[in-house]
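Heads up, the thing below is written out as structure tokens.
The values are calculated or read from the model by the stated rules, or taken from the named source; none is laboratory data. Because the structure is a prediction, the values reported are computed rather than measured. With ideal geometry, Cβ positions are generated from the backbone for all residues, glycine too; neighbour counts draw on all protein chains shown.
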Amino acid sequence: MKARAFLRKVLPPGWLPYILHLRPRTWPIATFHMSVGFLLANGFHFTADTLRRWVIAVVAWVILGNGGTLSINSVFDKDEGDIGYLDDPPPPPQYLLPFSVIFMLLGLPLAVALGWRFLVAYLMSLAMSILYSVPPFRMKGRTGFDVLINAVGYGALTVYAGWAALGRSLTPPIVSVVCGSFFMVAGTLPLSQIYQIDEDRRRGDSTLAVLFTKRQSLLFAMAAEALAFVFVLSEAWTRYRALPSLGLLLALLAWGIVIFPWYAQHDRVDRHYEKRGFYRALWACFLTDLSIILAMSPAFVALL
């Protein structure tokens, strides 16, 4: 709330709701997740060109694409309670829809500058953003599609976008990492939905957490995270077999620390615990991404 008060002071009148609905709290998270693919392709040897490409990718994918996606979601959700990355959301302002669309379209020329691979990923993400939030499609309200679109967009394509920003073709280890990221986000999404069940029911959205019981949602999350680690651990074992790969086991342990206690008391915890559980899961995501970089990035592999 201190950040919100600061923005209220420095922004022109009426601008704050537009900025908040971009959910800037997601930007560091999405930037790091995208940087996994970038660092797997590039390592830490930055030239002026690679640094330029990374900055363009962050602005295009994270701020314009991801920000516009979350903003357009707010247009149609009209949430009143806390939502992911935004507590106590303000009412959607009058021009939020055109603002969101313009924001996403501004990413297109930047995507073109990074080459056709990045552009294709950006266009796929843009299309899924519309399908996810906008009626009559509104896939976020259809069980299964809500998980699928998030897992493809935020999970698989975000990591791939970092790789594609350097124009790299599909070579190891990115395929396994993309698959692992798909399942990691597929398992994380139900954890974000559990504490928003009442809001989703009020709108009539049939998310996975609404259709399943809380116990079933947590079991789904466990299964998805297990599959994520099947991909990344098998890649690390097949190609690297080095000491830094043990970090993947620590990341797997972090997921267990988040999910198993939650599962054991799922019928007794309150909404506050469930919300904190989701944000703990984001830390587990961060540790997973970090462990992938340590295990598979050329910068670290070259030292072994």
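At-a-glance table
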item	result
Some residue of the stretch 216-228 being closer than 25 Å to residue 88 by Cβ, in a helix (DSSP H, G or I) and in contact with an Asp or Glu (Cβ under 9 Å, 6 or more places away or on another chain)	no
Test result for residue 129, modelled with pLDDT of 85 or more, in contact with a strand residue (DSSP E or B) (Cβ under 9 Å, 6 or more places away or on another chain), outside any loop (DSSP other than H, G, I, E, B) and surrounded by 22 or more Cβ atoms within 10 Å (Cβ to Cβ)	no
Hits in the stretch 141-177 (condition: touching a Leu at 6+ places or on another chain (Cβ under 8 Å), closer than 13 Å to residue 121 by Cβ and either among the polar types (S, T, N, Q) or surrounded by fewer than 24 Cβ atoms within 10 Å (Cβ to Cβ) (or both))	167, 174
Hits in the stretch 255-302 (condition: in a loop (DSSP other than H, G, I, E, B) and basic (Lys, Arg))	268
Residue match in the stretch 44-67 (condition: basic (Lys, Arg), under 23 Å from residue 188 (Cβ atoms) and buried (at least 18 other Cβ atoms within 10 Å of the Cβ))	no
Residues located in the stretch 237-254, provided they are part of a helix (DSSP H, G or I) and at pLDDT below 90	237, 238, 239, 243, 244, 245, 246, 247
Residue 122 vs. criteria assigned to a helix (DSSP H, G or I), in contact with a Gly (Cβ under 9 Å, 6 or more places away or on another chain) and not aliphatic (A, V, I, L, M)	yes
